[in-house]
1. So which residues in the stretch A:156-194 are touching a residue at least 40 places away in the same chain (Cβ under 8 Å), farther than 20 Å from A:Ala88 by Cβ and of a type in the set (D, E, K, R)?
2. Just checking, which of B:Asp79, B:Asp133, B:Asp93 is touching a residue at least 12 places away in the same chain (Cβ under 8 Å), among the charged types (D, E, K, R) and either touching a Leu at 6+ places or on another chain (Cβ under 8 Å) or away from every other protein chain (no Cβ under 13 Å) (or both)?
3. Can B:Ser113 be described as within 21 Å of B:Ala243 (Cα to Cα), under 25 Å from the mean Cα position of the chain (by Cα) and away from every other protein chain (no Cβ under 14 Å)?
4. Give the residue, chosen from B:Gly164, B:Gly96, that is in the same structural domain as B:Asp234 (by TED's automatic domain parsing), open to solvent by 10 Å² or more (accessible area, probe 1.4 Å) and within 27 Å of B:Leu296 (Cα to Cα).
5. Can you tell me which residue in the stretch B:46-74 is modelled with the highest pLDDT, limited to those that are outside any helix (DSSP H, G or I) and of a type outside the set (A, V, I, L, M, F, W, C)?
6. All but one of (1) within 14 Å of chain B (Cβ to nearest Cβ); (2) touching a residue at least 60 places away in the same chain (Cβ under 8 Å); (3) open to solvent by less than 30 Å² (accessible area, probe 1.4 Å) hold for A:Ile140, so report the exception by its number.
7. Being surrounded by 15 or more Cβ atoms within 10 Å (Cβ to Cβ), among the β-branched types (Val, Ile, Thr) and closer than 30 Å to B:Val193 by Cα: is that true of B:Ile70 here?
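The values are calculated or read from the model by the stated rules, or taken from the named source; none is laboratory data. All values derive from a computational prediction rather than experimental measurement. In this analysis, Cβ positions are derived from the backbone assuming ideal geometry, glycine residues included, and neighbour counts consider all displayed protein chains. The accessibility values were calculated without ligands, DNA or RNA, using every heavy atom of the protein model including side chains. Shrake-Rupley method; radii C 1.70, N 1.55, O 1.52, S 1.80 Å.
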Amino acid sequence: MSILISILRQNWKARLGVLIVLGFVLLAIFGPWFAEFAPERRVGLPHQPPDGSHWLGTTRMGQDVFSQFVHGARTSLAVGFGAGFIVAALGTLIGVVAGYFRGKVDEFLTFLTNVALVIPNLPLLLVLAAFIGSASPLVIMLIIGFTSWSWGARVIRAQTLALRDREFVHAAELLGEPRWRIIGVEILPNLVSIVGINFIGSVIYAVLTQATIEYLGLGNPLDVSWGIMLYNAQNSAALYVGAWWEVLAPCVAIALLGAGLALLNFAIDEMANPRLRTYRLNRRVRQRMAALSGKEVSA
Amino acid sequence: MYFFLRRLGFYLAAFVVACTFNFLLPRMMPGDPVQIMFAQSGSTLGPEAMDALRATFGFVEGPIWQQYLIYLKSVFNWDLGLSVSFYPFSVNDVIGTALPWTLLLVGLSTLISFSLGSLLGIYAAWRRGGLFDSIVSPLALVMQSIPAVVLSILALFVFAVMLGWFPVGRAYGLDHDPAWSFAFVASVAHHAVLPLITLITVQVGGFLVTIRNNMINLLGEDYINMGRAKGLGDTAVMFRYGARNALLPSVTSFAMAFGFIVAGSLITEVIFNYPGLGRLLFNGINARDYPLIQGLLLIITVATLAANFIADLVYVVLDPRLRRS
């Protein structure tokens with residue numbers, strides 16, 4: 001815990017990232033209690049600009065944009081984190097098993113991973129969603145989760161292969177430890193940062209992909225989520241009639257959440273790989289290094 | 001040579017997997033697959049056209065493996081069936097008219113963002129921790145995580161609707177006929193600016209961060225010091241010693257990123273009403289034109305596999321170690 005706090009104190013990217021993501025999580029959990037209107041109900045005139053009672057204005061259908069925004073945060077975050085969890089879990093499982101067992105198992109799983117990697121993911125998802133028809137957030141979460149694991153599996157397999165020949169793994173094998181224990185106790189803890197990066201990256205991907213699928217009209221238009229908000233705004237030509245508030249809220253939310261998660265990932269990467277840490281050296285050290293190399297050192 | 005054959009075999013297998021997926025999907029859905037696929041088409045297509053379409057997708061009497069073989073045969077003959085919403089045009093014809101526009105967008109934006117991102121990333125790594133690096137690198141990462149949907153909508157609103165600098169849609173003005181004239185090319189360029197800028201903004205961050213991180217890892221290596229010790233100038237060490245090696249993982253990640261690039265282009269086309277594959281896919285989805293949707297999945301898969309194969313070739317050119325083995 002104290003390590004986490006010291007990291008947060010040192011790394012502004014981690015600080016800002018945590019702040020943004022935490023803000024959205026709190027908004028998703030508690031926000032709907034503060035939204036006085038039901039998100040799908042007609043509660044005002046169509047396309048009213050933001051004012052005291054409708055903080056973010058109303059849609060073409062007279063629904064309250066703010067209520068839709070906070071209720072949508074629930075759906076979008078749930079789909080993002082849910083799909084991210086499935087992706088990370090599947091990727092880790094397949095990657096570790098392939099890397100650890102090698103041989104035929106590895107050959108098969110690597111082939112599967114590489115195939116899944118080169119088949120373009122979004123078109124595949126769109127075809128799937130088109131056949132399912134009016135995909136609900138839960139369905140979208142599942143199809144993203146089960147089709148997007150390949151990148152993580154590939155990276156984690158490579159890392160497992162590297163770990164597998166280290167002395168401590170050989171020692172555990174010689175001691176006769178069962179395989180599940182070697183994987184769970186010796187190998188997995190060394191993969192934490194990679195799995196973490198994969199998880200956060202997948203959450204970003206899932207949030208963006210859900211918005212894309214729903215924006216294209218493959219979601220259920222009666223649901224409330226940021227993607228559906230964009231879809232409805234597009235259908236009512238909100239931008240062309242100047243109702244920017246209907247579009248801006250979900251756009252800013254998706255971009256901001258993505259940015260927060262990306263900063264978090266950048267920070268984890270720096271923690272796991274000290275070479276990427278680029279603190280400015282203090283002036284005395286820089287001068288001495290400059291004197292040594294005869295050049296100005298900027299790093 | 002063996003390397004290439006192996007890769008080719010792999011891409012072929014990947015393509016068959018995509019075909020299998022296309023084959024199984026309508027059959028896995030609840031209800032009658034013929035009903036699902038062709039429910040919209042009964043009124044527009046005549047009975048003979050319907051029968052031809054059914055045969056293309058393997059909906060014939062007989063066991064499922066026989067249906068599968070028939071479907072594979074039509075795919076490998078590149079017979080993707082008739083488009084339901086653009087009848088009487090075939091899926092091939094419809095895709096053929098849209099493909100050049102997507103190639104234009106994807107090709108140009110990828111080329112520009114790869115070069116730009118790599119150059120900026122190399123410089124950021126060279127001056128790591130400096131002012132340029134500490135502003136541009138996190139910014140690149142943030143930009144990368146902003147989806148094409150959001151960026152396209154915002155760009156369209158600000159620069160096309162509000163300021164009116166660029167057209168709000170289409171690939172060229174209505175008053176121009178496609179021809180190699182200056183006016184037509186200028187019109188195409190004017191219409192392509194916003195989608196291109198959007199796509200470059202979405203892509204450039206990824207390339208920048210990848211090469212920056214590779215390069216920083218490399219700059220600690222002995223051969224970099226060796227280059228300096230020989231008295232080579234900064235630019236020579238930076239590009240010939242550092243960047244050449246840092247580019248290798250970038251080429252691999254480029255191949256992996258290609259799917260995302262295509263996805264970004266699809267969505268950008270929809271928002272800018274640009275007549276490429278993305279726009280076509282969107283229309284196909286809205287019209288429930290399943291033969292068209294499946295055909296698009298196949299052609300996008302083929303394009304992605306081809307991009308990966310090209311990345312393999314480039315890799316061999318860049319890395320002499322692979323040529324010897």
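1. Listed by number, the residues that qualify are A:Arg164, A:Arg179.
2. Working: B:Asp133 fails: either touching a Leu at 6+ places or on another chain (Cβ under 8 Å) or away from every other protein chain (no Cβ under 13 Å) (or both); B:Asp93 fails: touching a residue at least 12 places away in the same chain (Cβ under 8 Å).
So the residue among B:Asp79, B:Asp133, B:Asp93 that is touching a residue at least 12 places away in the same chain (Cβ under 8 Å), among the charged types (D, E, K, R) and either touching a Leu at 6+ places or on another chain (Cβ under 8 Å) or away from every other protein chain (no Cβ under 13 Å) (or both) is B:Asp79.
3. Working: within 21 Å of B:Ala243 (Cα to Cα): yes; under 25 Å from the mean Cα position of the chain (by Cα): yes; away from every other protein chain (no Cβ under 14 Å): yes.
Criteria met by B:Ser113.
4. Numbers: B:Gly164 fails: within 27 Å of B:Leu296 (Cα to Cα).
None of the others qualify; the one that does is B:Gly96.
5. Going through the stretch B:46-74, the residues outside any helix (DSSP H, G or I) turn out to be B:46, B:57-63.
Okay, now just the ones that are also of a type outside the set (A, V, I, L, M, F, W, C), so B:46, B:58, B:61-63.
On the way: B:Gly46: 70, B:Gly58: 71, B:Glu61: 72, B:Gly62: 73, B:Pro63: 78.
Among residues in the stretch B:46-74 that are outside any helix (DSSP H, G or I) and of a type outside the set (A, V, I, L, M, F, W, C), the one modelled with the highest pLDDT is B:Pro63.
6. (1)
7. Values: surrounded by 15 or more Cβ atoms within 10 Å (Cβ to Cβ): yes; among the β-branched types (Val, Ile, Thr): yes; closer than 30 Å to B:Val193 by Cα: no.
In short, no.
Results for (1) open to solvent by 30 Å² or more (accessible area, probe 1.4 Å); (2) of a type in the set (A, V, I, L, M, F, W, C); (3) under 30 Å from A:Arg74 (Cα atoms), shown as yes or no for each residue.
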{"residue": "A:Trp149", "(1), (2), (3)": "no, yes, yes"}
{"residue": "A:Ala171", "(1), (2), (3)": "yes, yes, no"}
{"residue": "A:Arg179", "(1), (2), (3)": "yes, no, no"}
{"residue": "A:Val185", "(1), (2), (3)": "yes, yes, no"}
{"residue": "A:Ser193", "(1), (2), (3)": "yes, no, yes"}
{"residue": "A:Ile228", "(1), (2), (3)": "no, yes, yes"}
{"residue": "A:Asn235", "(1), (2), (3)": "yes, no, yes"}
{"residue": "A:Trp244", "(1), (2), (3)": "yes, yes, yes"}
